[in-house]
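S.K.: Have a look at the structure that comes next, please.
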Amino acid sequence: MNASDESLLESLLAGEHRALARTISKIENRETGYQSLVSALYSHTGSADVIGITGSPGAGKSTLVDKLAEAYRARNDTVGIIAIDPSSPFTGGAVLGDRIRMASTVGDMDVFVRSMSARGALGGLSTATADAVKAMDAFGKDKIIIETVGAGQNEIDIVQTADTVAVLVPPGSGDDVQTLKAGILEIADVFIVNKADRDGADRTVQELREMVHLGEGKQTSRDASGHHGVMSSTGSSTADINRQDGHTGTTVGAGMDNRGHAQTQTETESESESEPAADLTAHQTETETSNPITKDNNHDTVSPWSKPIIETVATEGSGIETAIEAFAEHRRYLTQSGEKAEQARQRYAEEIRTLLREEIDQRIETELNAAGGVDTLAEAVRRGETDPYTIMNEVVNSVETCLDEQPFEGVFDLPDYTDQADDDCCDTRSSDMNDTASSNDDNDRSS
Ligand SMILES: Nc1nc2c(ncn2[C@@H]2O[C@H](COP(=O)(O)OP(=O)(O)OP(=O)(O)O)[C@@H](O)[C@H]2O)c(=O)[nH]1
Ligand SMILES: [Mg+2]
């Protein structure tokens, strides 16, 4: 890492919002040295709660995120918000920033809002988002909220970088549960029926409840590995309990109840993954109905997460506290079930693969350019001078030669790969990439 990045990192860790904004710009633009910077952030991460908020356009995501930020600030938690590709950068994004500015006390720098878009991020937006989350986490934000429209696979990938995913389902408006994208429903850890002041909210809640009930008969939440048991009878009994509870107030909690979880949160909150046992006991007494813990062959087993369904009226701020409690409950569940560690492992594995793919892709591009560009090669194939297989083999051989010069030496004495690559024959940070990398700090909004 060069001296200016060292000082940038130092400023970020010292809590300077400008340094945070600058770091995210570097990440977004893949500026030279950003990899070393992100590498250095890792050892400072791991304490933030990352919450993803997704849902159809106009579902009320920004309004809800604004109210969540306010509520977290009232609890003295610092907040970072990443708004992904707001449908209108001039209304959605800006309005969100303005609202927070208005809502917050003057000079409150502890809600940091940053928008990122597919346009802005060179390469993968989900990698850039995950890296931006790392920057906010290392900075020391307690809660990081990612807001994205649940439109496609890309958005689903992005929101899955969050520990807890809340899917907003507005009532009626043809947005019935059946018509929602299957992928969106599967990634939900918490359902939020926002605009509960509108007609049809009860029906939407009922439909979601039936869907959750059906789903719990078949599988657990988004943990596809079946880490904590795929088939579950306790899952469906949890849903039965909720049916009996009926629709009371703003909570229709499949995993929540009205027995004062807020009071017990501090007692049961555990950030430690290594010592979950003591907390399990406390947790059991408080939440045995909603999240039963069973003894299974001498292993403590937390029953599968039962997705709560929460009603909110974001414009009025109602249901916000219930949502916050559900997020905290889900966080505890992740830790106590061991799913958090599993989630982290899966995420890092995916990150490693993605980074490798991106890096190798870049190297291939570099080799292709060195060989005259893909268009020239294609023309040579068209003229019958060569064929795609021969070209592929030549390019791969060339990339392999480069890789042979940088053997992987194992995890423990890993060379500083990213810096080394700067002087390397296969350097992928071509000058034109650097040329397009310009700071967009002007877009950073912090209130
Ligand atoms: N009646 C009612 N209106 C709401 C509620 N929450 C948000 N709205 C309104 O719904 C509209 C859209 O809200 P946003 O918060 O911008 O929705 P969004 O999901 O962020 O929208 P995009 O970013 O454009 O996808 C605004 O006019 C809000 O005032 C609610 O609980 N009840
Ligand atoms: Mg919005």
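The values are calculated or read from the model by the stated rules, or taken from the named source; none is laboratory data. Since the model is a prediction, treat every value here as computed from it, not as a measurement. We place every Cβ from the backbone using ideal geometry, glycine too, and count neighbours over all the protein chains shown. Please note that ligands, DNA and RNA were not included when accessible areas were found on the heavy atoms of the full protein model with its side chains. Shrake-Rupley method; radii C 1.70, N 1.55, O 1.52, S 1.80 Å.
S.K.: Name the residues in segment 37-53 that are crowded, with 21+ Cβ neighbours inside 10 Å and either touching a Leu at 6+ places or on another chain (Cβ under 7 Å) or farther than 17 Å from Gly80 by Cα (or both), would you?
M.R.: Leu37, Val38, Ile53
S.K.: Shifting gears a bit: Within segment 315-363, count every residue that is more than 18 Å from the chain's Cα centre (by Cα), closer than 21 Å to Leu185 by Cα and at pLDDT below 95.
M.R.: 0
S.K.: Quick check on my filter: what residues within segment 143-167 are away from ligand 2 (no atom under 14 Å from the Cβ), outside any helix (DSSP H, G or I) and not small (Gly, Ala, Ser)?
M.R.: Within segment 143-167, Lys143, Ile144, Gln160, Thr161, Asp163, Thr164, Val165, Val167 meet the criteria.
S.K.: Now a separate question. Kindly check whether there is at least one residue in segment 8-31 that is more than 19 Å from the chain's Cα centre (by Cα), within 16 Å of ligand 2 (Cβ to nearest atom), surrounded by fewer than 22 Cβ atoms within 10 Å (Cβ to Cβ) and at pLDDT below 90.
M.R.: no
S.K.: Give the number of residues within segment 354-380 that are among the β-branched types (Val, Ile, Thr), surrounded by 15 or more Cβ atoms within 10 Å (Cβ to Cβ) and free of Cβ contacts under 8 Å to residues at least 12 places away in the same chain.
M.R.: Going through segment 354-380 one residue at a time, the tally reaches 0.
S.K.: Starting from residues that are surrounded by fewer than 20 Cβ atoms within 10 Å (Cβ to Cβ) and not in a loop (DSSP other than H, G, I, E, B), keep the ones in segment 194-214 and report whichever is modelled with the lowest pLDDT. Give the steps one after another, and end with the answer.
M.R.: Step one: filter segment 194-214 for residues surrounded by fewer than 20 Cβ atoms within 10 Å (Cβ to Cβ), giving 197-200, 202-203, 206-207, 210-211, 213-214.
Then drop every residue that is not not in a loop (DSSP other than H, G, I, E, B), which leaves 202-203, 206-207, 210-211, 213-214.
Values: Asp202: 91, Arg203: 90, Gln206: 89, Glu207: 88, Glu210: 86, Met211: 84, His213: 83, Leu214: 80.
Only one residue tops the list, namely Leu214.
S.K.: Quick one: is Ala59 aliphatic (A, V, I, L, M), open to solvent by less than 50 Å² (accessible area, probe 1.4 Å), at pLDDT 85 or above and touching a Ser or Thr at 6+ places or on another chain (Cβ under 8 Å)? Walk me through how you get there before you give the answer.
M.R.: On the way: aliphatic (A, V, I, L, M): yes; open to solvent by less than 50 Å² (accessible area, probe 1.4 Å): yes; at pLDDT 85 or above: yes; touching a Ser or Thr at 6+ places or on another chain (Cβ under 8 Å): no.
When the stated conditions are applied, Ala59 does not pass them.
S.K.: Does segment 300-346 hold any residues that are over 27 Å from Arg75 (Cβ atoms) and among the charged types (D, E, K, R), and which are they?
M.R.: Of everything in segment 300-346, those that are over 27 Å from Arg75 (Cβ atoms) and among the charged types (D, E, K, R) turn out to be Asp300, Glu342, Arg345.
S.K.: Taking the stated definitions as given, is Ser115 within 16 Å of ligand 2 (Cβ to nearest atom), modelled with pLDDT under 90 and in the same structural domain as Thr312 (by TED's automatic domain parsing)?
M.R.: Spelling it out, Ser115 is indeed within 16 Å of ligand 2 (Cβ to nearest atom), modelled with pLDDT under 90 and in the same structural domain as Thr312 (by TED's automatic domain parsing).
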